[in-house]
């Protein structure tokens, strides 16, 4: 003992003296109770913040419709998400700061200057674990139960007048600091998230493969325009207005179509559409030599950029089955039918008159023969690849864009790991594309 430095005795004496003069009072007990309550409140608000910002409004609607207890309360909260988030954050920060301050004051009173270090360790370890880590981790693992549990608590907090006033002031200051910037809506679901949810539901056997495909089709349907689904002008079956009825009837029978566009002089001057039933009626009435121009019905015209969702509604309302697609200069780009639009949703529809033609034929491993008019979106999805998209809609359009001129038979272009070769070129038109995928260059991407 004689070897101990004198400074040690001084410190020990000071601490002992400080401890000896400390008297526990009812006020100190009250402080401890208040700290416990504040930490508990902070923990509840941590659960609320995490769960209410993770759960979507769609999920809340489902819970409300299922008559789940507190489901309607949760839905009302999520209808105005900025209205609950600011009060929750404000009260949570207030609870943690006040609890930390009270612990610090009590520690200093009990241990003197050393109490500052003790209170800091307590605040970092205990408050973080009890008021942050544990509640937030539980809320992440159980977002639905946590949201339903905390919804009534949050509703009570945001109804408190003082909290509501302070939240409005803070929100006003926030909007002033981030003026001109719009914050994304919490709980909103993007198209990508919906697609991912459909994929996850398929993996969990919640939905069938066909249902997943339909969900994907419906979501992409809203982004599709008429140009992407139309029959191009080069594939259109159309007749001149001066053609005789019996000749047009034979064209309709050979093509298997019930509606044929009629034009004057050139395909860019479509004057109407003739129905197969009108042709048969005229033929039956011995009017086979009549010009088909006298039987045409009014045609409907749409621009290339017409969203197919709007076009489908117009066809339903206007009760027409075919529309002529025109470009920005008024020329005919192609035509689109009601069947084309429905096929975008439910997939290919064939009848007994349709020929089974493979649009994508697997020649060998990583080698495919693809119809040039095949959509890039469909190719990428079917083959699990990433051919680039741009001003072109088809693989033939991509090939021409890369080549920069009209191709000769067997002319090839390379795009990273993809080798594209023109096949069956005739009359300045590519019949199909041979796609070879070099997996050894996969790291090069596109």
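The values are calculated or read from the model by the stated rules, or taken from the named source; none is laboratory data. Note that the structure is a prediction, hence the values are computed from the model and not measured. Positions of Cβ are backbone-derived with ideal geometry, glycine not excepted, and every protein chain shown enters the neighbour counts.
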Legend entry - Condition broken by residue 419, with the remaining ones in (1) farther than 17 Å from residue 359 by Cα; (2) modelled with pLDDT under 85 satisfied: (2)
Inset, instruction - Considering every residue within the range 198-214, establish whether at least one is in contact (Cβ under 8 Å) with a residue 40 or more places away in the chain, touching a helix residue (DSSP H, G or I) at 6+ places or on another chain (Cβ under 8 Å) and surrounded by 15 or more Cβ atoms within 10 Å (Cβ to Cβ). - result: yes
Legend entry - Of all residues making up the range 77-108, the number that are at pLDDT below 80 and out of contact with any helix residue (DSSP H, G or I) (no Cβ under 6 Å at 6 or more places or on another chain): 6
Inset, instruction - Please tell me if residue 267 is within 30 Å of residue 378 (Cα to Cα), part of a loop (DSSP other than H, G, I, E, B) and touching a residue at least 40 places away in the same chain (Cβ under 8 Å). - result: yes
Inset, instruction - Confirm whether residue 413 is modelled with pLDDT under 85, over 32 Å from the mean Cα position of the chain (by Cα) and over 27 Å from residue 220 (Cα atoms). - result: no
Legend entry - Among the candidates 254, 246, 269, residue that is touching a strand residue (DSSP E or B) at 6+ places or on another chain (Cβ under 9 Å), surrounded by fewer than 18 Cβ atoms within 10 Å (Cβ to Cβ), at negative phi and modelled with pLDDT under 95: 269
Inset, instruction - Any chance you could count how many residues in the range 96-117 are touching a residue at least 24 places away in the same chain (Cβ under 8 Å) and assigned to a helix (DSSP H, G or I)? - result: 12
Inset, instruction - For the range 215-240, enumerate the residues that are in a loop (DSSP other than H, G, I, E, B) and either surrounded by 12 or more Cβ atoms within 10 Å (Cβ to Cβ) or free of Cβ contacts under 8 Å to residues at least 12 places away in the same chain (or both). - result: 223, 224, 230, 236, 237, 238
Inset, instruction - Go through the residues of the range 277-298 one by one and say whether even a single one is in contact (Cβ under 8 Å) with a residue 24 or more places away in the chain, closer than 17 Å to residue 333 by Cα, in contact with a strand residue (DSSP E or B) (Cβ under 7 Å, 6 or more places away or on another chain) and surrounded by 14 or more Cβ atoms within 10 Å (Cβ to Cβ). - result: no
Inset, instruction - Those residues that are in contact with a helix residue (DSSP H, G or I) (Cβ under 8 Å, 6 or more places away or on another chain), more than 16 Å from residue 342 (Cα to Cα) and assigned to a loop (DSSP other than H, G, I, E, B), I need them from the range 298-325; list them, please. - result: 300, 304, 305
Inset, instruction - Taking residue 154 as the residue in question, decide whether it is in a helix (DSSP H, G or I) and surrounded by 14 or more Cβ atoms within 10 Å (Cβ to Cβ). - result: yes
Inset, instruction - For residue 302, state whether it is buried (at least 19 other Cβ atoms within 10 Å of the Cβ), touching a strand residue (DSSP E or B) at 6+ places or on another chain (Cβ under 8 Å), over 23 Å from residue 328 (Cα atoms) and in the same structural domain as residue 327 (by TED's automatic domain parsing). - result: no
Legend entry - Some residue of the range 388-405 being in a strand (DSSP E or B) and out of contact with any helix residue (DSSP H, G or I) (no Cβ under 8 Å at 6 or more places or on another chain): no
